[in-house]
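Bear in mind that the values in this text are calculations on the coordinates, not laboratory data. Since the structure is predicted, the reported quantities are computational estimates derived from the model, not experimental observations. With ideal geometry, Cβ positions are generated from the backbone for all residues, glycine too; neighbour counts draw on all protein chains shown.
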Amino acid sequence: MSDNNNNRSLWIWSISATLIAIIAIGAYFMERNELIDYRQTTESQQTRLNEEITGLNSNIQTLKGENEALSSSGENLRQKLVVAETDIQKLDRNLKSTIDARDRLDSNLKLSESAREKLRGEFEQLSQARDRIAGELESAMAKRDQLDAELGQTQALRDKISGELEQALTTGGQLNADLEKTRAEKDRLDQQLAQTRSLRDKINNELEQARATSGQLSVDLEKTRTEKARLDKQLAETQALRDKINEELMQARSTGGRLSDDLEKTRAARDRIASDLQASLGVGEQLRAELEAARANREELDRKLSESLSQSSQLHDELAETRSARESYQRELEASLAASNDLNRKLERSIQARDKISNDLQQALANADQLSRELEQSETSRREISSELESARAARDKIASDLQASVSTGEKLRAELDAAKANREAIDRKLSQSIAQGSQLHDELAETRIAREAYQRELEASLAASDQLNQRLERSIQARDKISNDLQQALSNADQLSRELEQSEAARQQVSAELEASIAERDQLSGDLARIKSSREQIQLELDALTATQNQLRSELTQSQTVQSQLKQQIVEKDQAQKQLQEDQRKADSERTRLESSLAEARKQRELLEQQISSASAVIAFKEGEVASSHKKVTELRTSYQRITGDYESLLRSFNELEQLRNRELAQFRELQQRLERHQVRIRELEDRSTVIQVPSEVLFNISSITLRRSGRETLKLVAELIGNYPGRLISVEGHSDSVPVGKESPFKSNWELSTARAAAAVRFLQHNAKVDPARMRVAGYGPYRPIASNETVEGRRANRRIEILLVSEPGGRRLLQ
């Protein structure tokens, strides 16, 4: 059975092996066929791949060529980018230079505006000077015409007198020669006046040129402003263009970065890169065109800036020419003044020669000249006094205004304007002197009546000016009283004084400076008065000399009369001529009498003038006294102010010290209060400003005891330290208890005795241990009759059991607590 099984297993195994071999052979042949098919397929695929590789190689060659072309294009693009970056840097530099040019143009515009303002001020000053000179010239011409008429009358009278004296005097021809010389000098003076007119016309022309220059400068300024606005607009456009170019360059750079990736893409991407490159080249061309336009704009801006600078230099040249013309005009005025002085000297010599011939007439004219000079000196003195009093009034008015505002320092432009005004005033003074000297030559021949009437008018004007000065002095006194009231108000308000201390100090220094200026002006006025007095003495000496000359001329006249009588004895046969001569002598006597009366009247006028000068001197002395009184009062106010300032500073130091002491005491009290609060001590204030220090009985005593505990003694020491700061107050120590009756073992009959005994124990401790004056203290016990809480609760009864130490308030004393 087992053999059968074995045979069957062997047979199955062999069959299985055969089947496996058959299957293996079949699989082999199948795999062989598949391998053959695969090889054929692989060969065909390899052939196709070879073909594709050949095509790819050709494509690679093509791509390499394209890559080289794109690389060269990229390199060109990089070079163009570098060039574009260089152009951008140049554009940045051009923009910076344009901005600098704009800044310089702004500064030039500011300088041009300041120069225009300065020219406008000088033009206004020159216009005012021209108008004033024109008015003075017109008045001088009118006065000259009047003097010409009076000179004609005087010359007619002189010719008449010369004709009458020609028959008696052998020197009449010399008088005519002198008159001719005087007429020649008059013609010369007319020529000088004509030159003055030409100078005035020249000044007018210069003013017109300055006005035209100012207008041209205004037009140039407007053009410059327009150009500045245009340049600002171009600058904004250029900056926008630069931003746009930067953006495009960033795009081009990003395009260049993506170039390596685009080389591996298709031809369409390459075409897009080529189109982008063309666009970039177009942008580069546009950039070059815009840079060229920017360069052109910059060149145009430089050209206009050069034109503006040339116009500014031309304006400075014109100003220099105007200054040189003004200086030449000043030199011409000085030359005219010197010529006028020479003319005065020649005219004085002519008058001396004429005086030798016309005795009484020259004396009268000399007296008239003397009166005219005295009137002019009096008028000059009056004007100087008026100006000085006006300056004093202005200084006092300025004191009141300067106490409310600070005085600002003088600016450079104001200094230049003051210098220009000073130059203009110097020119006006010289021109006025020239005109006045020319007028004085004619005034020497004016009659005494005109001088007297002019003096009367001037005297009335002087009286009116004196009244006006009195009113101004009253206003100054009112302003001074106002200052005194302000100072009193400052004394009454210490807080306001502390805030305005610095401003008042500055104002005080200004007041002191101006008072010193007033004192200097007063000294100058005194010097002018001394000079007036010396001039008056000099005039008196000259008058005495003229009187001596008159006496000498009278003696010469007597000798001439002697010669005339001798001639009469020699030519007796000419009776008719003798009668005519006697008639002429009678007329001469009458004229001499008239001249003597005129001389007497002139002397009266001189005496009247001396009296008026004396009264004016008295008025001046009175005003000087008022000024001295005002100065004294201001000095007193200054002393009071210094004393008040010192008192205020002392009070301020005392206040600071008290404040520091208060702060220290407050800190000590707060520390002490905190320590007392730790011992359950409370402090409160009553309505009568008395202070209550409340200590619980449990802190001080044991139950139903009057012996102080250790904590109680420490607490009372702290209380003694507190009340020791108030040595002037009375101390009332009051004991209180609850409503619970005392026990039978207690030595006290009731709570009343217990509260009183505890208060007395506290007083004894304060007396012996804290050294409190017993005369200040008193003891009181109230038992349960003054509770501060309900006795129905434990907390209420604990609050009612207390010792109260009362600090009685004293009148005007300080409180313990705020």
Work out, step by step, the length gained on full extension between Glu657 and Thr639: first 0.36 nm times the residue separation, then minus their alpha carbon distance; give nm to one decimal.
3.8 nm
Among Arg797, Arg682, Arg710, which comes first, second and so on when ranked by fewest other beta-carbon atoms within 10 Å?
Arg710, Arg682, Arg797
Which entries of Lys118/Lys202; Lys96/Lys233; Lys110/Lys223; Lys90/Lys244; Lys118/Lys233 show an alpha-carbon separation above 24 angstrom in the structure shown?
Lys118/Lys233
Considering amide H positions built from the backbone, and no H for Pro or chain starts, which residues 5 or more places from Phe701, or on another chain, come under 5 Å of its amide H?
Arg709
Any residue on another chain or 5+ positions along whose placed amide H is under 5 Å from the amide H of Ile803 is listed here as Val695, Ser697
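Within region 713-818, list the chymotrypsin sites (Phe, Trp or Tyr not before Pro) lying in a DSSP loop whose Cβ has at most 14 other Cβ atoms in a 10 Å radius. The partial results should precede the final answer.
Working: sites: Phe748, Trp752, Phe765, Tyr782, Tyr785; in loops: Phe748, Tyr785.
Of the chymotrypsin sites (Phe, Trp or Tyr not before Pro), the ones in loops of region 713-818 whose Cβ has at most 14 other Cβ atoms within 10 Å are Tyr785.
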Given the Cα-Cα distance of Lys771 and Gln566 and 0.36 nm per residue of separation, how much length would full extension add, in nm?
60.1 nm
Amide H of Ser750 versus every other amide H placed in the peptide plane: which residues, excluding those fewer than 5 positions away on the same chain, fall under 5 Å?
none
Length released on extending from Arg764 to Arg104, taking residue separation times 0.36 nm less the Cα-Cα span:
228.1 nm
Reduced to Cα centres, the span from region 620-690 to region 736-750 in Å works out to 55
Note down the nm distance, to one decimal, between modelled labels 7 Å out along Cα→Cβ at Ala184 and at Leu10.
19.1
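Sort Leu700, Leu10, Leu652 so the one with the fewest other Cβ atoms within 10 Å of its own Cβ comes first. Don't jump to the answer; show the numbers that get you there.
Working: Leu700 26, Leu10 10, Leu652 13.
Arranged by neighbour count, lowest to highest, Leu700, Leu10, Leu652 become Leu10, Leu652, Leu700.
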By Cβ neighbour count within 10 Å, fewest first, Glu237, Glu247 rank Glu247, Glu237
Spin-label pair Asp201/Asp37, simplified geometry with 7 Å Cα→Cβ offset, distance in nm:
13.4
